[in-house]
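Input: a single structure, listed below in structure tokens.
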Amino acid sequence: MRAGWIIQTLFLAAIALVGSHQAWATDMGAGSDAEREAVTGFDRSKGSNDRISVNILSYAPAHPIRALFADNGKVIAETSSPLGSTFYNVTIKGDALALKYLPGYRKRPPPRQANMLPDGIVSQGTVDIAEAWLIGPTKRYGHGVLGDGIEASGLSARLRDGRILSYQLSNASVFEDRSVRLADLDDDGRDELIVVRSYLDAGAALTVFGHKPGVEALRVVAETEPIGLPYRWLNPAAIADFDGDGRVEIALVVTPHIGGILKMYELRGRRLVEEWSRDGFSNHAMGSRIQAMAAVVDWGKGPVLYLPDAHRHGIRQVYFAEDGYRVQALPGHEQPIITALMAADLDGDGFDEVVYGLGNGELRALHRR
């Protein structure tokens, strides 16, 4: 029995501090010449991320971390104890990770909408769409990649003016997802809706929906080719202008449970164009409802994507330098990553850190050096 069990029982309200160590990432290269040529327009005024170093902070709490989530801009850690769940605010004090006990904290019930997917999430927009959600629960696919055999057969979006627009799938596919991602992909001042669509006979594709002024329905704007086999899935990772060309990319992992491939897509007109890919990634555990195992930070030289390696026993960072996309591996760990990766400013220095939990209950954070 670890001494921490007794310590936490006596001092639940205390802030627990831990040490850190600095780690250089292992450079995995920029890829082939063809891959470099696929991405153009890098803004060299941002400088080059030739080598990125981070401080890796760690903390082993008395009771294991079981989940991380955001609440009012803060990262909350939920731990599992003999008395039930306890909650802590995750911060960084000096060069150490800290957990501050939150007595009496209660999780807020998530917002719900009529006919919504049982485990669905209502997404909040920042442009012309106020919120979007998945509707029409169905069992016609039965893959269960997100923990059960219930998927969505449609999606709805509420515009800022109060109108609700919807899209209904045929019986040939489902939305194998929990949330609709909202982003203006083509800089037209309107949100696009990004969601995973799985065909019963061909597996998953990424689909982008949009709407036109005066049209009372959502429409398909673009879609990737399905993977090609049923029960093959993909999981979106992040949306950002990774290559600095002024156009937003969608990062996703194809087959994250069986040799995951990270791909970058850009919306060009009515097509999703693949700009770059690299294998050796995962951002999901089979059967888990946690899809957010990826995070993006900008430490002054453009967006950096952090997500697990193929076995979730280490973190890789992906960024764009003058010669193309680069991948670097951080030092690994014996336990797999089991929580979401959360990006938040934990120390108040104006830059986000990345925090996540391991299978042994340990907490890790990546801190700008």
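The values are calculated or read from the model by the stated rules, or taken from the named source; none is laboratory data. Keep in mind that this is a model prediction, so the values were computed, not measured. Every residue, glycine among them, receives a Cβ derived from its backbone with ideal geometry; neighbour counts consider all protein chains shown. Keep in mind that these areas ignore ligands, DNA and RNA; they rest on the heavy atoms of the full protein, side chains included. Shrake-Rupley method; radii C 1.70, N 1.55, O 1.52, S 1.80 Å.
Check the range 139-155 and report whether any residue there is within 23 Å of the chain's Cα centre (by Cα) and at positive phi.
There is at least one residue in the range 139-155 that is within 23 Å of the chain's Cα centre (by Cα) and at positive phi.
For the range 187-306, which strands (runs of 3 or more DSSP E) that fit wholly inside it have 1 or more residues that are hydroxyl-bearing (Ser, Thr, Tyr) and either modelled with pLDDT of 95 or more or open to solvent by less than 10 Å² (accessible area, probe 1.4 Å) (or both)? Lay out the reasoning, then the answer.
On the way: elements: 192-199, 203-210, 219-223, 234-240, 249-254, 261-268, 271-279, 295-298.
The qualifying strands (runs of 3 or more DSSP E) are 192-199, 203-210, 261-268, 271-279.
Just checking, does the range 138-146 include any residue being assigned to a strand (DSSP E or B) and of a type in the set (A, V, I, L, M, F, W, C)?
Scanning the range 138-146 turns up no residue that is assigned to a strand (DSSP E or B) and of a type in the set (A, V, I, L, M, F, W, C).
Which one is farthest from the chain's Cα centre (by Cα) among residues in the range 69-123 that are open to solvent by less than 30 Å² (accessible area, probe 1.4 Å) and closer than 24 Å to Glu192 by Cβ?
My answer is Met116.
Among the numbered criteria (1) in contact with a Phe, Trp or Tyr (Cβ under 9 Å, 6 or more places away or on another chain); (2) hydroxyl-bearing (Ser, Thr, Tyr); (3) surrounded by fewer than 17 Cβ atoms within 10 Å (Cβ to Cβ), which one does Thr126 miss?
(1)
Which one of the conditions (1) of a type in the set (Val, Ile, Thr); (2) over 13 Å from Phe209 (Cβ atoms); (3) within 23 Å of the chain's Cα centre (by Cα) does Ile129 fail to meet, given that it meets all the rest?
(2)
In the range 117-136, which residues are under 15 Å from Tyr167 (Cα atoms) and in contact with a Gly (Cβ under 9 Å, 6 or more places away or on another chain)? Quick ask: steps written out before the conclusion?
Of the residues in the range 117-136, the ones under 15 Å from Tyr167 (Cα atoms) are 117, 129, 131-136.
Leu117, Glu131, Ala132, Trp133, Leu134, Ile135, Gly136, listed by residue number.
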